[in-house]
Amino acid sequence: MLIEAMTEHECRAVLAGEHVVAHLACARNNQPYVVPLHLHLDGEYLYGYSTLGQKIEWMQANPLVCLEVDELTSEWQWASVIVFGKYEELPDTPANEESRLVAERIFQKHPMWWEPALVPLAAHEPRFPVVFRIRIASVAGRRAIADGAAHDPARVSEVKRPSGLPAVLRRLTKRRE
Ligand SMILES: Cc1cc2nc3c(=O)[nH]c(=O)nc-3n(C[C@H](O)[C@H](O)[C@H](O)COP(=O)(O)OP(=O)(O)OC[C@H]3O[C@@H](n4cnc5c(N)ncnc54)[C@H](O)[C@@H]3O)c2cc1C
């Protein structure tokens, strides 16, 4: 198996996929919290929709986030993209009109993103919708490609198949001693 560093263009293609589910990590008081959710790439931002809850409250307190998106084709063929970014809330104010129009255009294409969020968990429980975006600060990607597939040697490192699991475990145990 070969592991290849992805270009920014390739990373963006993964982020722009039709059914992207991101693992979004935020942190408060040194406690990380990761949730799966839908995000959609538009320019330098990933747009999302949520109701008020733990992740939104934590990102309001600390807007620095990290997220991961992956494509798993098989054990030997996958891509993983990691983004560092900053949470920006888009309340319904004149200053956010343009950005909310971008979000609206995205959400119209994906009703399944926001319809479940509006279903009350308990009778009469109010749900407050939140439109937000993550401003991308940096992006990096790696992918595994099958042996023999076309690749750029400058971007690739080869993962040599170990001789067997027992040998790998012995090596790991030795290292710890
Ligand atoms: C494929 C997929 C796509 C999703 N897309 C969206 C989306 O676009 N927008 C959106 O708002 N939400 C989406 N969700 C749901 C999302 O993962 C959260 O469950 C939800 O947003 C509530 O998060 P919260 O931080 O507000 O949790 P709260 O309702 O505040 O609950 C907090 C506690 O509930 C538990 N909890 C919350 N979420 C999860 C979870 N997913 N799994 C296990 N335990 C959990 C944790 O213990 C957490 O501490 C999606 C989930 C999946 C699986």
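Rounded if a/c is under 1.5, else prolate if a/b beats b/c, else oblate: with a ≥ b ≥ c from the C-alpha gyration tensor eigenvalues square-rooted, which is segment 2-176? Prolate shape, in that a/c is at least 1.5 and a/b is the bigger ratio. Pairwise alpha-carbon distances in segment 34-102 exceed 19 Å for 43% of all pairs.
Taking GluC sites (Glu not before Pro) across segment 1-71, the ones in a DSSP loop with at most 10 further Cβ atoms lying within 10 angstrom of their Cβ are GLU18.
Using alpha carbons only, the radius of gyration of segment 24-68 set against its Kirkwood radius gives Rg/Rh = 0.95.
Where a number appears in this text, it was derived from the coordinates with a stated rule and is not lab data. Predicted, not measured: the structure shown is a model, and the values here were computed from it. Reconstructed Cβ throughout: ideal geometry from the backbone, glycine too, with neighbour counts over all protein chains shown.
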